[in-house]
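A short write-up of the structure that comes next.
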Amino acid sequence: MTTNLTQQTSLLDQPYDLTDEHIQQFRTDGFIKLKSFYDAQTLDHYAPILTDLTLSHNPNKDVTLDQRNTYGKAFIQVGNLWEMDEQAKAFAFSKRAAQVAAKLLGVRGVRMWHDQALYKEPSGGFTPWHADEQYWPFDSAKCLTVWIPLQETPIEMGPLSFAAGSHLKRIGRELAISDESEKLIGDAVKQEGLREVYEPYDLGEVSFHYGWTLHRAGPNTTDMPRKVFTVIYMDMDMKLAPRTPTHRNDWASWTPSTHVGQVLDDPKNPILYQDGQNE
């Protein structure tokens, strides 16, 4: 077990062969999918750990699907698993992923905003159109999310769907995730003629998307949960700039010691990669 864990930890810190073409595609489309990012052995090791943490901290465990609103039906959501378990921390702190995040953003380093498990239950509903950065109290758009399915994810399980190029538009940026955002953003995506990319994920395939990239997910029509782990990265020099009540809520949750105008240097926001590491 020690040897296997050492090998899996090593992969988490090994550089990914990110090309200039990958970076250009990401900046044009607002997202990129990367195959064979993690191997089956690594996912097989960490998935049960992340799943146990997610289910034990499930805020909806006593609420049936039919009793929830659209957002509640979309997934089980649990944040900052890295603070709960050392092996979850090792997975969340992967230098492999953090280095890719820094290169895609074109910054000298990245910090953790927070991690998040997003488990779409069997018969779980769709995830409405939205942009993540609507929730975040940042002073720039230099942030992104890595979306890591812990299993092969066919269309029937509800993988992510992206509106290519939507990070360059100002569509629905004031809309919280809801039935309203699903309709209004969906209509705007069609009116703007944006290309919607809705594809399955192979085992080990991950995606990165900007904070302002519009995305959604279909329902999970299978009898298995769609298990996904995400990490949100931000420029290591990002400053706190709350403008809405939602921003202030996230400020209190994810960077409580930071003051307005300061770099987000709370203990909850460690630097996960900076230039000179892992080269």
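Only the coordinates and a few stated rules stand behind these numbers; no lab work does. Because the structure is a prediction, the values reported are computed rather than measured. Heads up, the Cβs are rebuilt from the backbone with ideal geometry, glycines too, and the neighbour counts pull from every protein chain shown.
Could you work out the helix-only [θ] at 222 nm for the chain, with each DSSP H run of four or more residues adding -39,500 (n - 2.57) and the total divided by the number of residues, to the nearest 500 deg cm²/dmol?
-9000 deg cm²/dmol
Cβ under 13 Å from GLU83's Cβ, GLU83 left aside: what net charge do those residues give with Lys, Arg +1 and Asp, Glu -1?
With Lys, Arg at +1 and Asp, Glu at -1, the neighbours total -2.
Work the Kirkwood hydrodynamic radius out for the range 126-207: mean of 1/r over every pair of different alpha-carbon atoms, inverted, in Å.
That comes to 14.0 Å for the range 126-207.
Mean-square fluctuation check for the chain, GNM, Cα pairs under 10 Å: which of TRP254, TRP212, TRP113 is largest?
Comparing TRP254, TRP212, TRP113 in the GNM, the peak value goes to TRP254.
If I take every Cα pair under 8 Å that is 6 or more residues apart in the range 33-239, average their sequence separation and divide by the length, what percent do I get for the relative contact order?
Taking the mean separation of contacting Cα pairs over the length of the range 33-239, I get 34 percent.
With a 10 Å cut-off between alpha carbons and a GNM built on the chain, which of GLN151, GLN24, GLN116 moves the most?
Comparing GLN151, GLN24, GLN116 in a Gaussian network model of the chain, the most mobile one is GLN24.
How many nm is it between the label spots at GLU152 and GLN25, if each spot is 7 Å from the Cα in line with the beta carbon?
2.1 nm
With each pseudo-label sitting 7 Å past Cα toward Cβ, what's the ARG170-SER36 distance in nm, one decimal?
In this crude spin-label approximation the distance works out to 4.3 nm.
Quick query: amide H of MET238 versus all other amide H atoms, modeled in the peptide plane; which residues come in under 5 Å with a sequence gap of 5 or more or a different chain?
Residues meeting the amide H criterion: LEU264.
Over the range 144-279, what portion of Cα pair distances is larger than 20 Å, expressed as a whole percent?
Numbers: 5402 of 9180 pairs.
The calculated P(r) of the range 144-279 puts 59 percent of pairs beyond 20 Å.
Could you list, in their original order, any pairs among LYS89/LYS120; LYS190/LYS268; LYS33/LYS89; LYS103/LYS183 whose Cα atoms are separated by more than 32 Å?
Flagged as over cut-off: LYS190/LYS268; LYS103/LYS183.
Between THR246 and SER140, how many nm apart are label points set 7 Å from Cα along the C-beta direction?
Result for the modelled spin labels: 2.3 nm.
In nm, what is the difference between 0.36 nm times the number of residues separating SER253 and ASP17 and their Cα-Cα distance?
Values: separation 236, 0.36 × 236 = 84.96 nm, distance 3.44 nm.
In short, 81.5 nm is gained.
Name the residue, out of TYR46, TYR210, TYR233, whose mean-square fluctuation peaks in a Gaussian network model built on the chain with Cα pairs under 10 Å.
Most flexible of the set in this elastic network: TYR46.
Using the scaling law 2.2 N^0.38 Å as the reference, what is the normalised Cα Rg of the range 33-239? List each step's numbers first, then the result.
On the way: Rg = 16.3 Å, N = 207, 2.2 N^0.38 = 16.7 Å.
So the Cα radius of gyration is 0.97 times the expected 2.2 N^0.38 Å.
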